[in-house]
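To start, the structure itself, in structure tokens.
Values quoted throughout were computed directly from the atomic coordinates according to the rules given, and no laboratory measurement underlies them. What you see is a predicted model, and the numbers here were worked out from it, not measured in a lab. Cβ placement follows ideal geometry from the backbone for every residue including glycine, while neighbour counts extend to all protein chains displayed.
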Amino acid sequence: MSGHRKHDTSRPVSAGQSTGAFITEVPEGYRAGFASFVGRPNAGKSTLTNALVGRKVAITSNKPQTTRHTIRGIVHRPDAQLVLVDTPGLHRPRTLLGQRLNDLVEQTLAEVDAIGFCLPANEKIGPGDRYIAQQLSGLGRKPVVAVVTKADLVSKDALGEQLLAVARLGEEILGDGGWAAVVPVSATGDYQIEAVSDVLVAQLPLSPPLYPDGELTDEPEIKMVSELIREAALEGVRDELPHSLAVVVEEMIPREGRPEDNPLLDVHVNLFVERSSQKAIIIGKGGARLREVGSRARKSIEGLLGTKIYLDLHVKVAKEWQRDPKQLGRLGF
Ligand SMILES: Nc1nc2c(ncn2[C@@H]2O[C@H](COP(=O)(O)OP(=O)(O)OP(=O)(O)O)[C@@H](O)[C@H]2O)c(=O)[nH]1
């Protein structure tokens, strides 16, 4: 979030004012600012972020809580620029890592201009959603848009009922008119994505763009690389692994002596797990699985960076790292 704060405090105060070389003129009424999606694990936040931005920036997975880092995408519109800050699931903390993730989410939410609260259309509103709604009501008068995700998974009638139930939840917990809006969406079915963008943009302040046109994310490449490796390593493995895996990109350096038109990047990466049994899962028989992970990750990283890479993966055991403050610090949490 340091990048976020940096940009936020330097935010220009009035539309049309130049903040740097990239701004020429913006139409009257142009808005720009930050928004963040919250919601239970698996609620569809990352998928919606990607659909809005139109490119893969946050990892998605059908396993809960895989988005550890705050990753943003930038939606460029003729009338606005919407900077999306993706957060991990807000939930009742069980471990030190869980507590830190919640702290990170709350810190993020205090700084954004608008919040999109994602509630899946195909799941009953539960204690997890109420917990989040209560946390949001504690943030003061920050506008919260309720986004009913995965609308493609239910019938029209069921969707209507869920929209009503969500509206009632807002009135009950926030009082005073409840949510700023309630919008159904299907990120995978390309339904109402523009509408979500519209209602969030309506909450942003009048401001010139905060980023150059065409920029999709300002996340350091290294973080995106580590997310791609994490995604490859988690594909097809058991449910307990997502919480136990941390990926640290130790270095990315151009190989010396390569021709200019055919460079090669050496990428050295450590994958940390909590137990040696998990190390065995990642590596697979005779290292077969790790080779597959490496080859999948290499392809997506080469696609991202537009250059050939040599990917060197090492799997290490860091016992109980989720509960150990020193290890958490070392792994970048
Ligand atoms: N059918 C359908 N599935 C969706 C939709 N949006 C997301 N999903 C699926 O729901 C699962 C979870 O989506 P994510 O975007 O990873 O959810 P998240 O809220 O970011 O999850 P965490 O990172 O665990 O907090 C994935 O399997 C997605 O493919 C949608 O609009 N329709």
Note, ³J(HN,Hα) from phi for segment 203-208, Karplus 6.51, -1.76, 1.60, rounded to Hz, x at Gly and Pro: 8, 7, x, 5, 6, x
Förster radius 25 Å - calculated FRET efficiency between Lys279 and Leu139 (Cβ-Cβ, nearest 0.05): 0.05
Calculated FRET efficiency for the pair Glu111/Glu251, C-beta based, R₀ 30 Å, to 0.05: 0.45
Full-stretch length increase - Glu172, Asp157 - with 0.36 nm per residue and alpha-carbon distance subtracted: 3.1 nm
Restraint check, Lys45/Lys142; Lys150/Lys223; Lys124/Lys150; Lys45/Lys279; Lys45/Lys319, Cα-Cα greater than 23 Å: Lys150/Lys223; Lys45/Lys279; Lys45/Lys319
Cα point-scatterer Debye curve for segment 221-330, base-10 log of I(q)/I(0) at q = 0.17, 0.20, 0.21 Å⁻¹: -0.80, -1.04, -1.12
Residues in segment 288-303 reached by a label modelled at Arg258 [backbone nitrogen below 18 Å; 7 Å Cα→Cβ]: 294-303
Amide proton proximity set for Gly116, modelled H, under 5 Å, gap of 5+: Ser36, Phe37, Val38, Val145
Segment 221-330: relative contact order in percent, alpha carbon pairs under 8 Å with at least 6 residues between: 29
Where GluC sites (Glu not before Pro) fall in DSSP loop in segment 264-316, at most 10 other Cβ within 10 Å: none
Backbone HN-Hα couplings from phi across segment 250-258 [Karplus 6.51/-1.76/1.60, Hz, Gly and Pro as x]: 6, 7, 9, 10, x, 5, 6, x, 8
